[in-house]
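Notes to accompany the following structure.
The values are calculated or read from the model by the stated rules, or taken from the named source; none is laboratory data. The structure presented is a predicted model; accordingly, all values stated were derived computationally and were not measured. Here the Cβ positions follow ideal geometry from the backbone for every residue, glycine too, while neighbour counts run over all protein chains shown.
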Amino acid sequence: MSANERKQLVDQVLHGSLFQLKHLIDRLQPEELADVLNAAREADHLKIFLLLPPEKAIHTFENLDFEIQEDLLSKFTVAQLSQTLNAIAPDDRTQLFEKLNPETVQKYVTLLNDEERRTAQSLLAYPENSIGRLMTPDFLSVKEDWTVQQSLDHIRTTGRQSETLNEIFVTDVHGVLIDVINVGKFLLAPVDAKVSSLMDRHFFSLNAKDDQEKAVKLFKQTNRVALPVTDFNGLLLGIITIDDVVDVMEEEATEDIQKFGGSEALDEPYLKISLLKMVQKRAGWLVVLFVGEMFTASAMGFFDNEIQKAVVLALFVPLIISSGGNSGSQAATLIIRAMALGEVTLGSWWKVVRREFLSGLALGIILAAIGFLRISLWSLFTDLYGPHWLLIALTVSFSLIGVVLWGTMAGSLLPLGLKKLGADPAASSAPFIATLVDVTGLVIYFSVAVLVLKGTLL
């Protein structure tokens with residue numbers, strides 16, 4: 001769907017007649033319709049939802065943004081509410097319940113039938129951010145002594161209740177997972193063949209109590225659309241599908257970006273979070289960074305005599321500290337992303353040190369050469385830097401090499417250090433790195449100035 005087509009559909013949803021809406025609904029898949037409704041925030045979502053056939057209504061509801069889901073549920077009659085909550089997929093319902101306040105969840109759970117209530121309560125019993133919260137108990141399993149024909153008959157009979165038909169799970173008489181077989185093997189095998197003849201007993205699985213990040217990593221490694229979830233004894237509890245993992249990846253990426261920008265994760269959509277909460281989430285880091293920048297003023301005061309003797313040195317302070325901060329932010333960004341992708345681990349810290357040392361040195365030399373050239377050229381047309389312009393150029397150049405090298409090393413090693421301590425590497429945000437390098441960069445700059453300019457300007 002192009003941006004122009006989507007805009008036209010949104011306009012129809014907002015301003016079209018019921019007849020136009022009915023025609024529109026018939027043409028769109030549930031995912032497409034949900035996308036249009038998510039964009040049409042001012043639409044009468046209840047009116048549109050009531051025009052949908054029951055099955056399409058449920059699939060559309062599952063793909064709506066939480067704010068629209070919450071609004072719809074608040075407007076449903078008790079009968080509509082009960083019907084919807086019982087019909088949506090268990091994993092989607094769990095994600096919905098996670099975002100609602102406990103009192104509302106308790107009320108909604110009472111509207112579920114006995115089977116769905118047990119399912120909902122068992123999924124909510126798993127720790128927050130665990131794999132158990134993402135899984136669904138709707139899957140297809142067969143026995144190894146069944147024939148292919150028996151398995152296909154079972155798929156036809158019960159397949160509609162399954163979250164996916166791509167993977168068929170083989171369990172023993174106790175429900176312990178013993179293999180995962182792609183449905184294509186069943187379709188191509190002789191109908192009288194035993195399921196055991198299709199098995200190789202090589203499969204991947206997740207533990208229900210593990211963190212959701214493990215599911216993200218395993219899906220990346222295996223390129224599967226669904227993975228089984230077991231307990232510590234190997235009992236098959238449910239499955240996780242790729243669409244749920246994509247949602248987790250989006251949430252984690254959003255959280256990391258917000259932290260890296262120098263803020264706590266908002267946990268709510270930007271336009272929905274209250275102003276007070278927004279300020280609270282952002283104030284903490286700003287205060288920490290402000291206090292950190294006070295040390296910059298202290299460093300400047302420590303070298304007050306040098307600045308009074310050579311005022312020209314103050315001209316290059318912004319240049320020096322911004323170069324160090326920029327190089328540190330670059331390195332931190334690259335390392336944090338590499339850690340998230342599994343490209344860099346704590347065990348590879350020495351490789352990171354070597355690469356970033358050489359990178360920082362090369363980058364510092366490049367900036368030093370540009371700084372030296374700039375001062376040299378300006379000295380041809382102005383006496384701003386005085387008779388000792390060459391020494392000033394050398395001071396700035398050597399300082400740039402040192403500050404950029406230090407910034408690069410700090411930016412690359414701080415995320416690894418936080419990971420080692422069990423903290424979130426994303427907390428070593430760009431502003432934090434910049435503040436750290438600002439203070440130390442000034443110390444490096446004026447220390448180099450004292451060494452180079454001693455006996456002349458100082």
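Quick look at the numbers
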| item | result |
| --- | --- |
| Pairs with Cβ under 6 Å, 6+ apart, first in the stretch 228-242 and in the same structural domain as Asp211 (by TED's automatic domain parsing) and closer than 8 Å to Leu177 by Cα, second among the small types (Gly, Ala, Ser) and assigned to a strand (DSSP E or B) | none |
| The listed residue being surrounded by fewer than 20 Cβ atoms within 10 Å (Cβ to Cβ) and not in a helix (DSSP H, G or I), out of Gly342, Gly347 | Gly342 |
| Test set (1) more than 29 Å from the chain's Cα centre (by Cα); (2) among the aliphatic types (A, V, I, L, M); (3) closer than 13 Å to Ser327 by Cα - Val437 fails condition number | (1) |
| Close pairs from the stretch 144-157: first surrounded by 16 or more Cβ atoms within 10 Å (Cβ to Cβ), partner of a type in the set (S, T, N, Q), Cβ under 6 Å, at least 6 apart | Glu144/Ser196 |
| Sole exception among (1) modelled with pLDDT of 80 or more; (2) part of a loop (DSSP other than H, G, I, E, B) for Leu266, by number | (1) |
| Positions within the stretch 121-154 being over 17 Å from Ser196 (Cα atoms), part of a loop (DSSP other than H, G, I, E, B) and touching a Lys or Arg at 6+ places or on another chain (Cβ under 9 Å), in sequence order | Tyr126, Pro127 |
| Total residues in the stretch 158-204, condition in contact (Cβ under 8 Å) with a residue 24 or more places away in the chain and assigned to a strand (DSSP E or B) | 11 |
| Filter result (touching a Phe, Trp or Tyr at 6+ places or on another chain (Cβ under 7 Å) and assigned to a helix (DSSP H, G or I)) within the stretch 210-246 | Leu218, Thr222, Ile242, Val245 |
| Some residue of the stretch 420-443 being at pLDDT 80 or above, of a type outside the set (Gly, Ala, Ser) and farther than 30 Å from Ala332 by Cβ | no |
| Condition met for Ile392 (surrounded by 13 or more Cβ atoms within 10 Å (Cβ to Cβ) and without any contact (Cβ under 8 Å) to a residue 60 or more places away in the chain) | no |
| Residues (within 20 Å of the chain's Cα centre (by Cα) and of a type in the set (Phe, Trp, Tyr)) located in the stretch 193-238 | Phe219 |
| Residue match in the stretch 430-446 (condition: without any contact (Cβ under 8 Å) to a residue 40 or more places away in the chain and either of a type in the set (Val, Ile, Thr) or assigned to a helix (DSSP H, G or I) (or both)) | no |
| Some residue of the stretch 105-120 being crowded, with 17+ Cβ neighbours inside 10 Å, touching a residue at least 40 places away in the same chain (Cβ under 8 Å) and either in a helix (DSSP H, G or I) or not hydrophobic (A, V, I, L, M, F, W, C) (or both) | no |
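Residue by residue, here is whether (1) within 16 Å of Asn166 (Cβ to Cβ); (2) loosely packed, with under 14 Cβ neighbours inside 10 Å; (3) touching a Lys or Arg at 6+ places or on another chain (Cβ under 8 Å) holds:
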| position | (1), (2), (3) |
| --- | --- |
| Ala193 | no, no, no |
| Leu198 | yes, no, yes |
| Phe203 | yes, no, no |
| Gln212 | no, no, yes |
| Arg224 | yes, no, no |
| Val229 | yes, no, no |
